[in-house]
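Any read-out appearing in this document is the output of simple, stated calculations on the displayed coordinates, not a laboratory observation. What you see is a predicted model, and the numbers here were worked out from it, not measured in a lab. Every residue, glycine as well, gets a Cβ built from its backbone with ideal geometry; the counts of neighbours run over all protein chains shown.
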Amino acid sequence: MMKRKALLTLMAASMLTIGGGTLIHAAFDENLNMYTLDAVVVEADKTKNKFGDTITEQSYYRTGGDVKVITREEIEKRHYTDATEAIKRIPGVTFTNAGYRGGEYGYNAYNNSMAINGDTHVIVLVDGRRVDNQASTRFGKSNASGGRTAVDLNQVISMEDVEKIEVIKGPGASIYGADATGGVINFITRKGGDETTGAIDLSTGSWNKHVYNVSLSGALGDNKSTHYFLSASRQMAGNSKYHDNITNADYAYEGTAYKEDGVTARLDKDFSDTQNLKIWYNHQNGKDGYPITARMQQYWTQADWDRIIERTTRPGGFGNTDNPGYRNLFSLDALSGSYNAYRTNDLDVSYTFNKDNGMESFVRVYRQSHNYWGLDTYPDWIDADGNYVPFPGGPKWDAFIKQWKKDNPEFVGKWYHEDNRGIQLQYGKSVGIHDILGSVTFDKSKVDTRRWNRKTKTWTTTQVKRNSVLGFVQDKIHINDRWDFTPALRYSHYSTFDNVNDSGTTSVENSSSSNLTPTINTEYAFNDSLSAYLGWTKIYRPIKANDYGVSTPNGGKLEDEKGNVWTFGVSKDFGENTTFAVHYDWTDMSNAVTYYSVYNQQKQDFESKAVNAKETKKSFNMTLDHQFNDKWSLSLAYTRLDDKYEAKDGMTFDPDISLKDTSNVNTMINALRPANHYTANLSYQSGKWYTGLLANWYTGMNTTAFTTRRALVLDWNLNYDWTKELTTYVTITNLTNEGYENAYSEYNGIGAAPQPGRAFMVGARYKF
């Protein structure tokens, strides 16, 4: 179908950064208490180490690095309703289409794909466990640069279940894989305390959005050695609205309505200070709309509707450039009731048998069972009698779609089951000045696919399987009180991708691969107020399952990505109330994969192509944190990124790149993101009142891809504590109703992926 061809060419190489927060030090974030840079860490504090690094749940995995921690206190103060809402405030973290649900399986451009400092190879964890599936075909070639992460954050965990979120930028956490060069996002789940407590959080607001959360936690037994945490959540909303810069008006974005539920249970048994058992179960399910693109409103008329269909059915009639308003045809998805749904069940059981100098030794078993399905009720643009589909709206459309649904009864057109299970063993031992840590993980992944054939009325099935063994060993050497040196070595083995079809035959798509990737990190404290870190990582990133079906312009196959990443950072405290920090990453890839969209003259249509290329990527960000007094605090941040691709020897890029005013891949990629991103995070707290204002300013946006050169987005919240138990609040996102986008496809034209406009929520949280 024409629509499917369009989707395959969708370019999402750009992602707007929506952030705020701090760099190495988190000293003045509203969620942390004030502290000073003492050489010795006070055990009760645990917000930083002697180098001034923010201490994370698994700090022994890294040395230095650009780290941000979002705590439970901040989550409740800012009232984040989902993961992307919380993480988008961090400098350098970027999303595609954050704020919208839905997205057909395999088309990541409509999901919450992400990057850290421009690198889309981001690993998502829950309590230190990777949550991606190595055999998944969900995220792949359909999305140029946003398809590497392979996780939709909003489907991982409910915010009610999160104790804190740790974001580690760059390669400083190589324990999680040489493919984690962008960084790591680690969700730490909530654990029950000694006392029985609970909370009910209810809110409602714009676009019929409602959020319901309830949680209960406590301890069992006379010695309270058994702790439990239980939660249930529901979130739903109607179609969101956005501001269109082209027409300077507000419109509804059809297909963005959703309803999602979640249930979590965690049980912890403490046998001693060094031994405990954890059992964690999480269930998520949702039914989301189908927001393909927003309409091109200036062409939303009866006359244009007929013109678009007539032009589309002629050769070369695809795409917005040759057929303005073409994407309006995609509105039929939302208007006729198409949807996507998911159901996930995750189980994680871990037994910690020793702790030594902060290092945990444990064995973990896990299973992830994820189901995705959907219904596409999209009618053809011309019926069997040769008539055009009626213009949506009015009695003719109502009668048509009613009859069409009667003639085409609902069925699940596609069904996917992602399953992966594994076991991990980790052991840590402190010997003199050496903290030695090693781990090995065996993961068995598979994806089952069922597709309905309309003509034959039958199902076709396919199964993709892949096993992996991931090993890691490091030695954190404490050379002296001011200097740590950490060499590490990671082993990665991936089996072949095995495809099993209906005939029972198995085909090997590629050969198995094994690789050793070293890492070296060091950190030095010049004095109690100045510290720096330096790191190098060898990169090995296996290509995804969908990549194996891609042919390069030279007719070859894509190869695994290889290269090097260097990272450097420095932080300086100016007195007790001011911290300044700088972070720099330099990525040098000898074998990077880049996707791009080109126009095929013979086919008279756009198509997605890819190539292994040389890549040089430079990212830079800096932050300034200042505490004015016990009431006011301010965080400022600046982020910039530049990418450069060069064709490898014997290879060439396709000269016909989709952006008409560009001549190469480099221009295309860098034009599809804002050149500069500034953030300011101001907070005030006094007595029963708390308020926070987050400002994000994007500049240097290319108007070939976006409707504006710059955008200022303001988010504000206000809390009032009536009692220790009861808090009421109001939040307003996009306070000025700014119109802006974070993705572009020439096929669909600028403005096809608008971000949500101004929205408010009012709510109350009661603790008992």
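Exposure proxy check: Met159, Met761 ranked by fewest other beta carbons within 10 Å?
With the fewest neighbours first, Met159, Met761 line up as Met761, Met159.
Sort 72-78, 199-205, 297-303 by the packing proxy (mean of other Cβ within 10 Å over each peptide's residues), most packed first.
72-78, 199-205, 297-303
Test of the criteria: in the range 328-422, which GluC sites (Glu not before Pro) are in a DSSP loop and have at most 14 other Cβ atoms within 10 angstrom of their Cβ?
Loop-located and lightly packed - Glu410.
Specify the inter-centroid distance of the range 240-284 and the range 337-353, based on alpha-carbon positions, in whole Å.
What the calculation gives is 12 Å, centre to centre.
Taking 8 Å as the Cα distance limit and 6 or more residues as the minimum spacing, I'd like the relative contact order of the range 246-319 as a percentage.
Value for the range 246-319: 31 percent.
What ranking do Ser495, Ser225 get, fewest neighbouring Cβ atoms within 10 angstrom at the top?
Neighbour counts put them in this order, fewest first: Ser225, Ser495.
In terms of the Cα gyration tensor, with a ≥ b ≥ c the square roots of its eigenvalues, is the range 181-236 rounded because a/c is under 1.5, prolate because a/b exceeds b/c, or oblate?
Judged from the Cα gyration tensor, the range 181-236 comes out oblate (a/c at least 1.5, b/c at or above a/b).
Which whole-number percent is the relative contact order of the range 438-479 (Cα, under 8 Å, 6+ apart)?
That works out to 49 percent.
Points 7 angstrom from Cα along the Cβ direction at Thr728 and Val349: gap in nanometres?
Here the modelled spin labels are 4.8 nm apart.
Could you tell me the distance between the Cα centroids of the range 706-755 and the range 66-80, to the nearest Å?
18 Å
If the label point is 7 Å along Cα→Cβ of Ala252, which residues in the range 333-348 have backbone nitrogen under 17 Å from it?
The answer is 333-339, whose backbone nitrogens lie closer than 17 Å to the label point.
Give me the one-decimal Kirkwood hydrodynamic radius in Å for the range 379-506, with the sum taken over alpha-carbon pairs.
Result for the range 379-506, one decimal place: 20.6 Å.
P(r) tail for the range 228-383, what percent of Cα pairs lie past 19 Å?
69 percent
Testing the spin-label approximation: label points 7 Å from Cα along Cα→Cβ at Lys405 and Lys269. State their distance in nm.
The answer from the label model is 5.1 nm.
Report ³J(HN,Hα) in whole Hz for each residue of the range 514-527, in order, from the Karplus equation J = 6.51 cos²θ - 1.76 cosθ + 1.60 where θ = phi - 60°; Gly and Pro get x.
9, 7, 10, 10, x, 9, 10, 10, 9, 9, 9, 9, 5, 7
How do Leu125, Leu425 rank when sorted from fewest to most other Cβ atoms within 10 Å of their own Cβ?
Leu425, Leu125
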